[in-house]
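Take a look at the structure set out below.
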Amino acid sequence: MDAVLISAEMHKMKPNANFYEHILNRFHVEPQELLFLDDNIKNVNGAEILGISTIKVEKGMDLYKEICNFLGK
């Protein structure tokens, strides 16, 4: 994990595209290189529209396992 970004600290609003584009530009990555996690389906959908990989966080979810599954480990 390279960073944890909080939209309120960035003064950007999810699910607006400028939130996700800011992250892509900051880290100089392509959408498919970014994994976005959120518990709000609107935010997840906003990321997916731009081609960003996502995980919809659910209560009790084992995030370590989900991320490992995503990475193919």
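Just so it is clear, none of the values below were taken in a lab; they were calculated from the coordinates. Quick caveat: nothing in here was measured; it's all calculated off a predicted structure. Using ideal geometry, Cβ is built from the backbone for each residue, glycine included, and neighbour counts are taken over all protein chains shown.
Worth a mention:
- Amide H to amide H, with H built 1.01 Å from N, SER53 comes under 5 Å of LEU34, PHE36, counting only residues 5 or more places away or on other chains.
- The charge dipole of the chain, taken about the Cα centre with unit charges on the Cβ atoms of Lys, Arg (+1) and Asp, Glu (-1), comes to about 120 debye, rounded to the nearest 20.
- Spin-label model distance (nm) - SER53 vs ALA8, 7 Å beyond Cα toward Cβ: 2.9
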